[in-house]
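See below for the structure under consideration.
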Amino acid sequence: MANVAADFSVVICGFEELRGLARRLGPRRVAVVMAEDEVALQAAAGALELGIATPVLIGDRERIQKCAHEGGLEKLIAGAEFRDAASSTDAAALAAKMARAGEADILLKGHLRTDELLHCVLDRQYELRTDRLLSDVLLYEDTLSGQRRLVGITDGGLNVAPTLEQKRQILMNALEVLRAIGMERPRVAIMSATEAVTPAVPSTVDAQALTQAAAAGDFGACQVFGPLALDNALTEWAAKAKGITNPVAGHADCMLVPNIESGNLLGKAVKYLGGSQCAHVVAGARVPVLIPSRVESADDKVNAMALGVIYSAYATSVRK
């Protein structure tokens with residue numbers, strides 16, 4: 001692992017910059033769980049070539065090597081470490097054991113279900129749990145302001161209908177990821193369908209409570225405001241049209257969504273309708289966990305590994 005002092009106060013504005021910082025901090029050991037997956041292997045090869053990751057390929061060695069050979073990934077075969085596992089359950093358990101022993105810095109889902117991997121991450125025998133809820137933080141490149149910048153969406157991957165307390169933890173996880181990419185005082189919009197607080201829309205009541213908690217200093221250096229709808233969270237003109245003067249409105253660095261449906265739809269919209277690459281990381285465990293969708297590209301998965309490397313380095317630095 002490279003011994004590089006990172007300046008986490010420099011804001012990362014795009015995925016090329018994200019990869020550049022990860023190269024300076026890497027490589028870190030990424031355990032690819034059930035690696036007999038063409039796209040995961042392409043991503044591992046890309047991360048190895050960039051100096052972001054040292055892949056540890058877990059699964060059926062013969063199948064993994066056959067898949068890599070067929071993809072022309074000879075450098076990956078030569079540069080990766082292989083660990084045999086007979087099943088997805090065994091592979092997930094082995095990855096968790098490696099993370100506990102400090103033999104893996106990041107876990108990446110390959111050809112297995114997300115719940116199979118997270119079951120081991122949450123199993124107390126592997127000591128990867130913390131007192132925090134696990135939540136997914138997605139980053140995409142936003143250009144609505146006329147400048148390219150990374151914006152977060154949380155949580156569209158794990159927590160189905162989070163309570164107010166769970167949203168507090170989701171917010172804390174997101175703030176940690178945002179600070180890792182240089183946002184010293186992140187601006188977080190608490191999302192809903194309306195800007196008016198009304199008991200008829202419970203997410204607006206939660207948004208008001210989180211806004212008040214942030215103003216009281218519960219989350220450290222940050223700006224949190226809601227409820228906000230999508231237009232006035234990201235565009236200054238829409239916020240002005242609604243008479244919303246809070247600094248978060250129109251300039252959100254991250255959007256905390258009310259439930260998994262809205263987060264999943266928003267995340268896929270920025271990718272498939274907006275054309276952005278993406279990266280996402282599960283925060284809240286002792287190591288970053290990457291659970292990309294099976295349809296995400298190799299580039300997206302390389303971005304996810306880059307984010308995992310940076311987040312791992314940041315978490316290590318703040319826990320010292």
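The values are calculated or read from the model by the stated rules, or taken from the named source; none is laboratory data. Worth saying up front: this structure is predicted, and the values here are computed from it rather than measured. Note that we place each Cβ from the backbone using ideal geometry, even for glycine, and neighbour counts take in every protein chain shown.
Just wondering, is there one or more residues in region 148-156 that are surrounded by 15 or more Cβ atoms within 10 Å (Cβ to Cβ), more than 19 Å from residue 291 (Cα to Cα) and not β-branched (Val, Ile, Thr)?
Yes, region 148-156 contains a residue that is surrounded by 15 or more Cβ atoms within 10 Å (Cβ to Cβ), more than 19 Å from residue 291 (Cα to Cα) and not β-branched (Val, Ile, Thr).
Of a type in the set (Gly, Ala, Ser), under 15 Å from residue 156 (Cβ atoms) and surrounded by fewer than 24 Cβ atoms within 10 Å (Cβ to Cβ): is that true of residue 293 in this structure? Talk me through it step by step, then tell me what you get.
On the way: of a type in the set (Gly, Ala, Ser): yes; under 15 Å from residue 156 (Cβ atoms): yes; surrounded by fewer than 24 Cβ atoms within 10 Å (Cβ to Cβ): yes.
It is true that residue 293 is of a type in the set (Gly, Ala, Ser), under 15 Å from residue 156 (Cβ atoms) and surrounded by fewer than 24 Cβ atoms within 10 Å (Cβ to Cβ).
Counting just the residues of region 296-320 that are surrounded by fewer than 19 Cβ atoms within 10 Å (Cβ to Cβ) and basic (Lys, Arg), which one comes out modelled with the lowest pLDDT?
Residue satisfying both the conditions and the ranking: 320.
Please specify each residue of region 177-192 satisfying the condition of being out of contact with any strand residue (DSSP E or B) (no Cβ under 8 Å at 6 or more places or on another chain) and either of a type in the set (A, V, I, L, M, F, W, C) or not assigned by TED's automatic domain parsing to the domain that holds residue 166 (or both). Before the answer, list the steps.
Filtering region 177-192 down to residues out of contact with any strand residue (DSSP E or B) (no Cβ under 8 Å at 6 or more places or on another chain) leaves 179-180, 182-184.
Listed by number, the residues that qualify are 180, 183.
Residue check: is residue 170 aliphatic (A, V, I, L, M), surrounded by 21 or more Cβ atoms within 10 Å (Cβ to Cβ) and in a strand (DSSP E or B)? Write out each step before concluding.
Values: aliphatic (A, V, I, L, M): yes; surrounded by 21 or more Cβ atoms within 10 Å (Cβ to Cβ): yes; in a strand (DSSP E or B): no.
Taking the combined requirement at face value, the residue does not satisfy it.
Filter region 48-99 down to residues that are surrounded by fewer than 24 Cβ atoms within 10 Å (Cβ to Cβ) and on the phi > 0 side of the Ramachandran plot and give me whichever is nearest to the chain's Cα centre (by Cα).
Of everything passing the filter in region 48-99, 51 is nearest to the chain's Cα centre (by Cα).
Say whether the condition of being of a type in the set (Gly, Ala, Ser) and out of contact with any Gly (no Cβ under 8 Å at 6 or more places or on another chain) is met by at least one residue in region 260-271.
Scanning region 260-271, I find at least one residue that is of a type in the set (Gly, Ala, Ser) and out of contact with any Gly (no Cβ under 8 Å at 6 or more places or on another chain), so the answer is yes.
Is it the case that some residue within region 180-201 is surrounded by fewer than 18 Cβ atoms within 10 Å (Cβ to Cβ) and within 25 Å of residue 7 (Cα to Cα)?
There is at least one residue in region 180-201 that is surrounded by fewer than 18 Cβ atoms within 10 Å (Cβ to Cβ) and within 25 Å of residue 7 (Cα to Cα).
Can you name every residue in region 53-66 that is among the hydrophobic types (A, V, I, L, M, F, W, C) and more than 14 Å from residue 107 (Cα to Cα)?
Hit for region 53-66 is 64, nothing else.
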